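Asker: Quick one: the structure is below, questions incoming.
The values are calculated or read from the model by the stated rules, or taken from the named source; none is laboratory data. Keep in mind that what you see is a predicted model, and the values were worked out from it rather than measured. With ideal geometry, Cβ positions are generated from the backbone for all residues, glycine too; neighbour counts draw on all protein chains shown.
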Amino acid sequence: MKLCYFDAFSGISGDMTVASLLDAGADSEALLDGLRSLATNAQFAVEKTKRAGIAGTRFVVEAPVEHKHRHLHHIDKMIGESGLPDRVKQNSLNVFRKLGEAEAAVHGIPIEKVHFHEVGAVDSICDIVGACLALDLLNIDRVHLSAVNVGSGTVQCDHGLMPVPAPATARLLAGHPTYAAGPEIELTTPTGAAIAAALGQSFGPMPAMRVDRIGFGAGTKDFKGHANVLRVMIGDATSAVESTTVSVLEANIDDASPQLLGYAMDRLFEEGALDVTMQALLMKKNRPGSLLRVVARPEDQEKLARLVLTETTTLGLRIYAAERRVQEREFVTVETEYGPVRMKVTPDGFAPEYDDCQALARTHSVPLKQVIAAANMQYLRNK
């Protein structure tokens, strides 16, 4: 599996994304030919440059000045009628739809009525489509990103002077790890945020991979003491332990019944929690209680926090980021005398899926341990 990892320590924009992938080896002629099929009359330049001494690539789109705003259906039509590969068309439209949803939420209107301002301009359209095309040319299967540096200060946009991040950027990156560092300027644009939100599989530490290509996409400005570049690392996934960032939610509870806590645990799993545990506590004034701990994807943090507050009796909770390491695994199915059982297999071992074994034990009225033993034995025979 081919992975790419964007290190957005100086933010992310559409042109920096395209430039980084070109710098990493994407075929520039194939990319430019694909962009020309959009029939925008734009001109393109791919230039070698440096930012704070770091050599990289700059991607520039020069387009005629336009005085019109495009709606989503205009962009859908433009991309749909191009000569781009189907995967590139679909990914590009996914980015624009993600952006449209953010703009609709900001303005409180249906997505069909959103008219794209700066992001509907030809250069931004070419940046988004160019990023999706470059990923396709490099045969990228999964996209991962670091925490995103959004910058600080203010930015002049169609709505007037706004604090960084701009409204659409903030909405697009909600639930993902972000921070502000470096020069007081907008480092992450709505275009870059839309690409990240729509295509990114995870945000956090670099996944386990064998890097074979590295590229640097240069931003427009060159800051003293700050390399204004987007770094991309490309390589094959390895079987090493994968590291991701998760949110951990905790609450100490001493006034809820076991039934209430059990129901809350079920609901948390239903809503996407990665793990939920209960631990017995002795709290102040010698009261017995429970520590509820929820492990969640960062994008699910707020949803699950609200669920904890509504489904339990706690008045507050603690939230912090943690590193989660997950070993590579696959699922295979074995046929036992009781029926099929899925086996979770890692480089270091295997285990039958509990739900499958429990269902078969109930169906055949046999002990659960008997079904587990049969599944393990059949897996070993198949090896």
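Asker: Residues to consider are Val148, Val143, Val164; find the one that is over 19 Å from Ser202 (Cα atoms) and of a type outside the set (Gly, Ala, Ser).
Answerer: Val164
Asker: While we're on this one: I'd like to know if region 116-127 contains one or more residues that are assigned to a loop (DSSP other than H, G, I, E, B), surrounded by fewer than 16 Cβ atoms within 10 Å (Cβ to Cβ) and among the hydrophobic types (A, V, I, L, M, F, W, C). Lay out the reasoning, then the answer.
Answerer: Quick first cut of region 116-127, residues assigned to a loop (DSSP other than H, G, I, E, B) only: 117, 121.
From what's left, surrounded by fewer than 16 Cβ atoms within 10 Å (Cβ to Cβ): none.
So far as region 116-127 goes, no, none of its residues is assigned to a loop (DSSP other than H, G, I, E, B), surrounded by fewer than 16 Cβ atoms within 10 Å (Cβ to Cβ) and among the hydrophobic types (A, V, I, L, M, F, W, C).
Asker: Would you say Gly175 is in a helix (DSSP H, G or I) and of a type outside the set (Phe, Trp, Tyr)?
Answerer: No, not satisfied.
Asker: Among the strands (runs of 3 or more DSSP E) lying completely within region 204-310, list those that include at least 1 residues that are touching a Lys or Arg at 6+ places or on another chain (Cβ under 6 Å).
Answerer: Answer list for region 204-310: 209-218, 229-237, 242-253, 275-283.
Asker: Which ones in region 301-319 are over 14 Å from Gly204 (Cβ atoms) and not hydrophobic (A, V, I, L, M, F, W, C)?
Answerer: Residues satisfying the conditions are Glu302, Lys303, Arg306, Thr310, Glu311, Thr312, Thr313, Thr314, Gly316, Arg318.
Asker: Among the numbered criteria (1) buried (at least 24 other Cβ atoms within 10 Å of the Cβ); (2) over 17 Å from Glu62 (Cβ atoms), which single criterion is violated by Lys2?
Answerer: With (1) buried (at least 24 other Cβ atoms within 10 Å of the Cβ); (2) over 17 Å from Glu62 (Cβ atoms) applied to Lys2, the lone miss is (1).
Asker: Yes or no: region 219-241 includes at least one residue that is over 30 Å from Lys50 (Cα atoms), among the polar types (S, T, N, Q) and over 16 Å from the mean Cα position of the chain (by Cα).
Answerer: yes
Asker: Please work out which residue is nearest to Gly219 (Cα to Cα), limiting yourself to region 32-51 and to residues that are under 29 Å from the mean Cα position of the chain (by Cα) and among the aliphatic types (A, V, I, L, M).
Answerer: This residue is Val46.
Asker: So for region 309-327 (the condition being closer than 30 Å to Arg381 by Cβ, at pLDDT below 95 and of a type outside the set (Val, Ile, Thr)), does at least one residue qualify?
Answerer: yes
Asker: Of everything in region 112-125, what is at pLDDT below 90 and closer than 25 Å to Asp15 by Cβ? Give them in sequence order.
Answerer: Keep residues of region 112-125 that are at pLDDT below 90, which gives 112-124.
Matches in region 112-125: Val114, His115, Phe116, His117, Glu118, Val119, Gly120, Ala121, Val122, Asp123, Ser124.
Asker: Right, next: Restricting attention to region 253-267, report how many residues are among the hydroxyl-bearing types (Ser, Thr, Tyr) and closer than 11 Å to Glu311 by Cα.
Answerer: Count: 1.
Asker: To continue, here is another question. Looking at region 343-383 only, could you name the residues that are of a type outside the set (Lys, Arg) and part of a strand (DSSP E or B)?
Answerer: Answer for region 343-383, where residues must be of a type outside the set (Lys, Arg) and part of a strand (DSSP E or B): Met343, Val345, Thr346, Gly349, Phe350, Ala351, Pro352.
Asker: Which ones in region 147-185 are surrounded by fewer than 19 Cβ atoms within 10 Å (Cβ to Cβ), within 19 Å of the chain's Cα centre (by Cα) and hydroxyl-bearing (Ser, Thr, Tyr)?
Answerer: Matches in region 147-185: Tyr179 only.
Asker: Which residue out of Arg318, Arg306, Arg297, Arg293 is crowded, with 18+ Cβ neighbours inside 10 Å and outside the structural domain of Thr178 (by TED's automatic domain parsing)?
Answerer: Arg297
Asker: Follow-up question, since we're still on this one. Before we move on, is Phe216 crowded, with 16+ Cβ neighbours inside 10 Å, among the aromatic types (Phe, Trp, Tyr) and either at pLDDT 95 or above or farther than 21 Å from Ile128 by Cα (or both)?
Answerer: So Phe216 passes the test.
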